[in-house]
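Colleague: There's a structure below that I have some questions on.
The values are calculated or read from the model by the stated rules, or taken from the named source; none is laboratory data. Note that the structure is a prediction, hence the values are computed from the model and not measured. Cβ sites come from the backbone with ideal geometry, for glycine too, and all protein chains shown count toward neighbours.
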Amino acid sequence: MKKLRGAERLKVQFIHGLEGSPSGFKARFLAEHFDACTPAMDTSEFLDCVAQQARELENFQPDVLVGSSFGGAVAVELLQRGVWTGPTLLLAQASSKFQGDPRLPEGVPVVLVHGIRDDVIDPRGSRELARTGTPALVRLHVVDDTHGLGELVRSGRLADLVREVASLRP
């Protein structure tokens, strides 16, 4: 794994959700705080999104991958395939809706965040996913928020979480 580049801004690739976009709330926040890349996706075909994000990972070479909801499911698929093995932040991830038995691979730092008031994706899926992977490298934050995790963004805590997962590099 590559080392962080000192005082340079972290490079963050953001995978948006079904209703997200490169101009959405989270994407704009990440672009303000990091060197961010948010490819627009046609979310109608899951595997096409996985392939698109894999290409972007190769081109952009981020320090941290962030996936939100559907984008979290895409990120988990990239992890399971071994396409990405770096620090990953999963926001209200929806992998159980798109994969049979989602699991985190060993040796990969992953921080999961899920709102207890999420009425779109059951937080139980994040709790179950957090029990996979390497225990010392996987963290789960259950927060008082909704599916969109708007308070996480408004409070600025999203930036702290990106830095947290980046610091977990083995």
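Colleague: Only residues that are more than 14 Å from LEU112 (Cβ to Cβ) and of a type in the set (A, V, I, L, M, F, W, C): list them for the range 135-158, please.
Modeller: Selection gives ALA136, VAL153.
Colleague: Across the range 48-91, what is the number of residues that are in contact with a Phe, Trp or Tyr (Cβ under 9 Å, 6 or more places away or on another chain), among the β-branched types (Val, Ile, Thr) and farther than 17 Å from ALA27 by Cα?
Modeller: 1
Colleague: Looking at THR85 and the list (1) hydroxyl-bearing (Ser, Thr, Tyr); (2) modelled with pLDDT of 95 or more; (3) assigned to a helix (DSSP H, G or I), which single condition is not satisfied?
Modeller: If we test THR85 against (1) hydroxyl-bearing (Ser, Thr, Tyr); (2) modelled with pLDDT of 95 or more; (3) assigned to a helix (DSSP H, G or I), just (3) comes out false.
Colleague: Can you tell me which residue in the range 83-100 is surrounded by the most Cβ atoms within 10 Å (Cβ to Cβ), limited to those that are in contact (Cβ under 8 Å) with a residue 60 or more places away in the chain and β-branched (Val, Ile, Thr)?
Modeller: The qualifying residue surrounded by the most Cβ atoms within 10 Å (Cβ to Cβ) is THR88.
Colleague: Take the residues in the range 127-140 that are of a type outside the set (A, V, I, L, M, F, W, C) and under 18 Å from VAL64 (Cβ atoms), then tell me which one is nearest to the chain's Cα centre (by Cα).
Modeller: Our first condition is that a residue be of a type outside the set (A, V, I, L, M, F, W, C); within the range 127-140, this holds for 127-128, 131-135, 139.
So of that shortlist, the ones also under 18 Å from VAL64 (Cβ atoms) come out as 133-134, 139.
Values: GLY133: 15, THR134: 17, ARG139: 13 Å.
Filtering the range 127-140 for residues that are of a type outside the set (A, V, I, L, M, F, W, C) and under 18 Å from VAL64 (Cβ atoms), the one nearest to the chain's Cα centre (by Cα) comes out as ARG139.
Colleague: Could you give me the residue pairs with C-beta distances under 6 Å whose first residue belongs to the range 45-73 and is touching a residue at least 24 places away in the same chain (Cβ under 8 Å) and assigned to a helix (DSSP H, G or I), whose second residue is β-branched (Val, Ile, Thr) and surrounded by fewer than 21 Cβ atoms within 10 Å (Cβ to Cβ) wherever it lies, and which are 6+ apart or on separate chains?
Modeller: So the pair list comes out as ALA54/VAL83; PHE70/THR43.
Colleague: Consider ASP63 carefully, then state whether it is over 21 Å from THR132 (Cβ atoms) and in contact with an Asp or Glu (Cβ under 8 Å, 6 or more places away or on another chain).
Modeller: Considered against the rule, which asks whether it is over 21 Å from THR132 (Cβ atoms) and in contact with an Asp or Glu (Cβ under 8 Å, 6 or more places away or on another chain), ASP63 comes out as no.
Colleague: Output the residue which, of all residues in the range 101-158 that are of a type in the set (A, V, I, L, M, F, W, C), surrounded by fewer than 18 Cβ atoms within 10 Å (Cβ to Cβ) and within 25 Å of VAL83 (Cβ to Cβ), is modelled with the lowest pLDDT.
Modeller: Residue satisfying both the conditions and the ranking: ALA136.
Colleague: Still on this structure, I have one more. Identify, please: which residue in the range 25-44 is part of a helix (DSSP H, G or I) and of a type in the set (D, E, K, R) and is, among those, surrounded by the most Cβ atoms within 10 Å (Cβ to Cβ)?
Modeller: Start the filter on the range 25-44 by keeping residues that are part of a helix (DSSP H, G or I), which leaves 25-33.
Okay, now just the ones that are also of a type in the set (D, E, K, R), so 26, 28, 32.
Details: LYS26: 24, ARG28: 15, GLU32: 9.
The qualifying residue surrounded by the most Cβ atoms within 10 Å (Cβ to Cβ) is LYS26.
Colleague: Another question about this same structure. Are any of the residues in the range 101-123 at positive phi and aliphatic (A, V, I, L, M)? Let's see the steps before the verdict.
Modeller: Going residue by residue through the range 101-123, those that are at positive phi are 107.
Still in the running and aliphatic (A, V, I, L, M): none.
Within the range 101-123 (the criterion being at positive phi and aliphatic (A, V, I, L, M)), the answer is no, since none of the residues qualifies.
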